[in-house]
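Report on the structure given below.
The values are calculated or read from the model by the stated rules, or taken from the named source; none is laboratory data. All of these numbers come straight from a predicted model, not from anything done at the bench. Every residue, glycine as well, gets a Cβ built from its backbone with ideal geometry; the counts of neighbours run over all protein chains shown.
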């Protein structure tokens, strides 16, 4: 191994250690990175020029080599360890990994240019939230790649309704009606943009066919108060760092009905302990709500900050329990795991929104005005709160009504 490679491995070791990786993980990552550098040297490939295809080729080579050494194939997820070490090495050597895609033909160059301009337009002109931009950009990239790979760089100007129908048929396979409608709405946005910027001769967005969804036809699942209490009780008995974090998250979900992103983006400075208030940044509307810090929530968060949260410079409250220590990205696994531990089995979906739905219905049952419920949940309009009315009306099934009619004689 050359001195340059040794210096790179030493730098990788220091970086992983500073990010609080487990010493065993640091050793494994560095070991696999060292083997990868040996492989590159044998093939006269500088580490700064490595591509994703070469990494995939090396991992296949490593699996074959493992089989020869041990007389058996590795475990199904064994490749994840060397891949993680190699990716950490390449992020250090190249500054970014995976690398930004490079245009290999005129169609690629056009697609990249359109996507860059489209993303800027969504963010600066329309002012959309990041989750909305991400969804629109994914569909836009997918459609452009599909169309340009099939018909070439000049095909956008000549697109027809048949092209749109074929794309929708391809995307509709194994999708629910709700998902197909979402695809259609995102595709319409891209088609309108292509026409607006002169890249498509006609506006094809009105020709995107989507299934008809009736108002409030999808009734979300909810948890009853005793079920929520059971989940909080069981989670509160887990005093490990993961348990302390999950209990604090569940308290926020149950008390305020927050969205997943609003909890993941909650920062240390958003909690005013002296004023007993908490600031919520609503992910969809970009508005802020200042809510009273309820005692169970404050106690759960404080317990996590004192004994569960790892040491990190990140300002977000809730952090991954494994290095690299950064903010949580999703809460679905947390909720599903804690519902299972408490033996609670909702009839429908079991994601974080089930607590949001439950909080909304609980307030409706308590005759809280719909406007106040919308303000608490961060809704932009009353129409966003209206679907919960359908859930609340299920209570009427338990009320016996006297129906006038002819008396039945025996």
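When residues in the range 109-129 are screened for being surrounded by 13 or more Cβ atoms within 10 Å (Cβ to Cβ), assigned to a helix (DSSP H, G or I) and out of contact with any helix residue (DSSP H, G or I) (no Cβ under 8 Å at 6 or more places or on another chain), 3 of them pass. Note on the range 317-326: residues that are touching a strand residue (DSSP E or B) at 6+ places or on another chain (Cβ under 6 Å) and surrounded by fewer than 17 Cβ atoms within 10 Å (Cβ to Cβ) total 0. All of 111, 77, 41 fail the test of being out of contact with any strand residue (DSSP E or B) (no Cβ under 9 Å at 6 or more places or on another chain), more than 29 Å from residue 314 (Cβ to Cβ) and not assigned by TED's automatic domain parsing to the domain that holds residue 139, apart from 41. Kindly indicate whether any position in the range 159-175 is more than 30 Å from residue 106 (Cβ to Cβ), touching a helix residue (DSSP H, G or I) at 6+ places or on another chain (Cβ under 9 Å) and at pLDDT below 90. Yes, because at least one residue in the range 159-175 is more than 30 Å from residue 106 (Cβ to Cβ), touching a helix residue (DSSP H, G or I) at 6+ places or on another chain (Cβ under 9 Å) and at pLDDT below 90. Candidates 280, 271, 249: the one that is touching a residue at least 60 places away in the same chain (Cβ under 8 Å), within 24 Å of residue 338 (Cβ to Cβ), surrounded by 16 or more Cβ atoms within 10 Å (Cβ to Cβ) and touching a strand residue (DSSP E or B) at 6+ places or on another chain (Cβ under 6 Å) is 280. Residue 98 meets the conditions (1) farther than 26 Å from residue 259 by Cβ; (2) free of Cβ contacts under 8 Å to residues at least 24 places away in the same chain; (3) part of a loop (DSSP other than H, G, I, E, B); (4) within 23 Å of the chain's Cα centre (by Cα) in every case but one. The failed one is (2).
Considering only residues that are assigned to a helix (DSSP H, G or I) and touching a residue at least 40 places away in the same chain (Cβ under 8 Å), look in the range 139-162 and name the one that is nearest to the chain's Cα centre (by Cα).
The residue in question is 139.
Meeting the requirement of 3 or more residues that are out of contact with any helix residue (DSSP H, G or I) (no Cβ under 8 Å at 6 or more places or on another chain), the helices (runs of 4 or more DSSP H) wholly within the range 201-303 are 225-236. Residues of the range 285-313 that are buried (at least 17 other Cβ atoms within 10 Å of the Cβ) and over 14 Å from residue 251 (Cα atoms): 289, 308, 309. Under the condition of being touching a residue at least 24 places away in the same chain (Cβ under 8 Å) and in a helix (DSSP H, G or I), the residues counted in the range 326-382 number 22. Is it fair to say residue 361 is closer than 22 Å to residue 239 by Cβ and either surrounded by 12 or more Cβ atoms within 10 Å (Cβ to Cβ) or touching a strand residue (DSSP E or B) at 6+ places or on another chain (Cβ under 9 Å) (or both)? Spelling it out, it is not the case that residue 361 is closer than 22 Å to residue 239 by Cβ and either surrounded by 12 or more Cβ atoms within 10 Å (Cβ to Cβ) or touching a strand residue (DSSP E or B) at 6+ places or on another chain (Cβ under 9 Å) (or both). Restricting the search to the range 1-23, which residues are within 27 Å of residue 44 (Cβ to Cβ) and modelled with pLDDT under 90? Across the range 1-23, the qualifying residues are 1, 2, 3, 4, 5. When restricted to residues that are free of Cβ contacts under 8 Å to residues at least 12 places away in the same chain, loosely packed, with under 13 Cβ neighbours inside 10 Å and closer than 21 Å to residue 6 by Cα, the range 28-65 contains 5.
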